[in-house]
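Derivation of every value follows stated rules applied to the coordinates shown; laboratory data play no part. In this text, all values refer to a predicted model and were calculated from it rather than measured experimentally. In this analysis, Cβ positions are derived from the backbone assuming ideal geometry, glycine residues included, and neighbour counts consider all displayed protein chains.
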Amino acid sequence: MDADFYLADLLSKDDTSIKEKLLIVLQNDHYKLIKAIKKSKVLLEDDEYFFKDKQKAYKAFWSIYRRPPLPVYWDSIINRKDLLVPQDIRERKGSYFTPPIWANLSQKYIADVLGDNWQDEYYIWDCCAGTGNLLVGINKKIENVFASTIDEGDVKVMHDLIENGAKLLKKNVFQFDFLNDDFKKLPKALKDIIDNEEKRKKLLIYINPPYAEAPSASQKTGKGKNKSGVSNQNNTFNTYIGYTGKAINELFVQFICRIYNEIKFCKLGMFSKLKFINSQNFIKFREYFKSKYMKGFICPSNTFENVKVNFPIAFSIWNNEIKNKIKEIKLDIYDLNKNKEIISYGKKMLKPFEKGQYLTDWIRKHYDKEGECVGVLRYMTPDFQNNSNNYITNNPKESDIRKCIVTNITKNNIEEIMIYLAIRQCIEYKWINDRDQYLHPNDKYVNDIEFINNCFIYILFHGQNKVTGEKGINHWIPFTEKEVNSKEKFKSNFMSSYLSGNIIKDIKTPTLFDNDNITKRGKIVFSFEAKQVYDAGLDLWKYYHSKPRVNINASLYDIKGYFQGFSEKRMNNKSDDEEYNILIGKLREKMKILAKKIEPKVYEYGFLLK
């Protein structure tokens with residue numbers, strides 16, 4: 001409702017609203033609600049609202065702005081009032097305006113699947129229509145097109161658009177809370193379609209549903225609030241949680257569930273995230289949702305207004321009349337060039353997996369609760385977007401321990417953990433691979449000693465190694481005191497001893513993954529690329545130890561912090577020390593070369609699908 005109060009102010013002259021059909025109008029010294037809004041479910045009790053300070057703050061604010069804007073902009077301002085809504089509210093409601101370029105492309109895909117005459121032959125319902133922009137371009141047989149939205153204000157906007165030429169019928173545009181309301185509240189024409197099995201087969205649910213989930217991306221980084229109470233406060237959540245498990249926390253999944261079960265045999269064309277196809281948390285959902293995939297594409301989320309994080313948004317078409325288990329789907333890849341024109345990047349293959357087939361299932365096989373701990377692995381779900389949340393530390397957070405997302409690193413599992421992290425870090429993140437899933441590998445990697453060693457060295461000098469000598473013992477110094485000209489003895493020589501072959505794994509009961517080369521192979525032999533990284537790291541350590549007042553037991557993280565410094569508890573990107581900048585730059589350059597060496601093996605050994 002904040003946006004409606006603001007529009008009453010913005011579209012006013014001499015403290016009186018001048019635009020008709022606003023939900024709230026300004027009348028000199030107070031606001032007034034129009035009759036239509038009183039019939040809706042908004043949480044406003046009175047018809048009139050007066051200023052508590054006799055408009056003092058109001059006049060101070062508006063004294064620095066000129067209003068109203070030119071009349072030519074009034075309609076577009078009202079139509080896009082969603083941009084006035086705070087970002088967290090927009091996320092919860094899924095109020096992301098579908099760009100016309102993707103809406104138009106989606107309709108071409110629908111025509112490819114349902115035929116060129118689909119607008120004549122099918123009923124169409126957008127049950128989370130917002131202000132109806134997804135339906136622009138659907139202008140045939142408009143008596144068969146329906147649009148509903150949870151917000152009474154959006155209905156008013158669409159009615160206003162209809163009066164100004166929009167190709168919809170007022171009687172087919174209505175307020176409806178799809179996740180709560182009974183279908184008895186639907187217009188009779190639409191209810192008759194849903195109640196008729198043959199007509200349902202000719203019904204296309206065409207939507208861009210909300211993408212909100214619990215928690216949001218900002219909550220993961222400590223900038224937002226947990227939204228777990230948002231997505232489960234409705235009837236649909238309570239009805240279908242038993243069928244879908246954690247997946248039901250996603251609002252778009254709630255729409256899918258109700259459509260799939262209560263509007264049987266309809267066609268579904270929807271914009272959504274990709275996670276319902278291949279994510280580990282959607283295994284149970286995929287057992288429930290069985291439908292025939294027809295066609296689809298993906299595009300980057302940052303082409304949608306107010307979406308800052310870039311991930312793939314898919315448009316996919318499903319035939320719910322055919323009960324197929326999701327196996328493998330192919331989507332076309334599109335982006336926009338500098339001129340905002342569509343460009344094609346080929347195709348994206350997605351495949352769902354079962355429990356036991358993910359990378360997290362593999363790493364759990366290598367837990368070691370008995371060996372001496374030299375560090376801790378923090379690990380998260382096996383999708384590409386969570387790579388930055390996986391790292392090594394010697395100072396785990398209490399909250400991570402409680403959540404059981406950490407495991408000890410010992411001499412018996414250190415190589416598997418270095419592989420785990422290296423394969424997650426060596427491939428560059430792009431919006432296209434955001435939802436790719438890391439998988440349980442095949443057993444071919446165990447005989448590739450060079451691959452194992454490359455992974456080991458890569459993570460030893462990588463930013464995901466967040467061990468610090470400031471908190472606890474640092475077991476991760478790759479060099480001896482003599483090699484770096486240390487003035488004192490290190491508290492731990494574990495890593496240099498391990499690299500020299502002086503620390504051997506305990507031989508336990510043989511498993512599929514046990515290999516004599518790994519358990520008893522002695523000194524680690526570097527590939528050319530790994531040696532280049534090792535040597536660049538040695539130069540950096542030696543330079544650090546040449547400085548005064550250093551921490552003898554410093555880790556790579558500590559060394560970077562020493563030279564780069566911190567601002568507001570965050571490490572600065574650069575240092576004032578030019579020699580350090582050259583040395584760290586050389587290390588990063590060699591790391592990129594080593595990453596390229598590891599990358600093809602990630603696909604060869606099945607950690608990722610090509």
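Taking the three principal axes of the alpha carbon atoms in the range 332-390, the coordinate ranges are 59, 26, 12 Å, sorted in descending order. Sorting 161-171, 473-483 by average packing, meaning the other beta carbons within 10 Å per residue, from highest down gives 473-483, 161-171. Enclosing the Cα atoms of the range 288-436 in their convex hull gives a volume equal to 161 cubic angstrom per residue. From the square roots a ≥ b ≥ c of the eigenvalues of the alpha-carbon gyration tensor of the range 398-508, which class results: rounded (a/c under 1.5), prolate (a/b over b/c), or oblate? Cα axes put the range 398-508 in the prolate bin. Using the Cβ-Cβ distance between Lys596 and Asn485 with R0 = 30 Å, the FRET efficiency computed as 1/(1 + (r/R0)^6) comes to roughly 0.40.
Candidate cross-link partners of Lys56 among the lysines, defined by an alpha-carbon separation under 22 Å and a same-chain spacing of 8 or more, comprise Lys13, Lys32.
Each of Glu488, Glu599 was scored by other Cβ atoms within 10 Å of its Cβ. Listed from fewest to most, they are Glu488, Glu599.
Which entries of Lys59/Lys170; Lys411/Lys482; Lys156/Lys267; Lys202/Lys340; Lys167/Lys273; Lys325/Lys430 have Cα-Cα distances beyond 32 Å here? Lys59/Lys170; Lys202/Lys340, as the Cα separations exceed 32 Å there. Can you bin the chain into rounded, prolate or oblate? Criterion: square roots of the alpha carbon gyration tensor eigenvalues sorted a ≥ b ≥ c, rounded for a/c under 1.5, prolate for a/b above b/c, oblate for the rest. Because a/c hits 1.5 or more and a/b exceeds b/c, the chain counts as prolate.
Here the range 541-587 was treated as a single set of alpha-carbon atoms; its pair distances binned every 10 Å from 0 give 26, 60, 14 percent.
Rounded if a/c is under 1.5, else prolate if a/b beats b/c, else oblate: with a ≥ b ≥ c from the C-alpha gyration tensor eigenvalues square-rooted, which is the range 100-350? It is rounded, given that a/c, with a ≥ b ≥ c, falls under 1.5.
For the range 359-604, relative contact order (Cα pairs under 8 Å, six or more residues apart, normalised by length) works out to 21 percent. With the convex hull drawn over the C-alpha atoms of the range 237-277, the volume per residue is 75 Å³. Scaled against 2.2 N^0.38 Å for its residue count N, the alpha carbon radius of gyration of the range 359-604 is 0.99.
Fewest neighbouring Cβ atoms within 10 Å first, the residues Ile193, Ile342 line up as Ile342, Ile193. Placing +1 on the Cβ of every Lys and Arg and -1 on the Cβ of every Asp and Glu, with no other charges, gives the range 447-493 a dipole of roughly 300 debye about its Cα centre. Its DSSP H runs of at least 4 residues, each contributing -39,500 (n - 2.57), put the calculated 222 nm mean residue ellipticity of the chain at -10000 deg cm²/dmol, to the nearest 500. Among the trypsin sites (Lys or Arg not before Pro) within the range 312-405, those in coil by DSSP and having at most 13 neighbouring Cβ atoms inside 10 Å are Lys323, Lys325, Lys327, Lys338, Lys340, Lys355, Lys365, Lys369, Lys397, Lys403. Our summary gives the range 100-350 a relative contact order of 14 percent, counting only alpha carbon pairs under 8 angstrom and 6 or more residues apart. Normalised by the number of residues in the chain, the average gap of Cα pairs under 8 Å and 6 or more apart makes the relative contact order 8 percent.
Evaluated over the Cα positions of the range 137-198, the convex hull gives a direction-averaged projected area, one quarter of its surface, of 4.8 nm². Of the chymotrypsin sites (Phe, Trp or Tyr not before Pro) in the range 317-391, the ones in a loop by DSSP (not H, G, I, E or B) with at most 15 other beta carbons within 10 Å are Tyr367.
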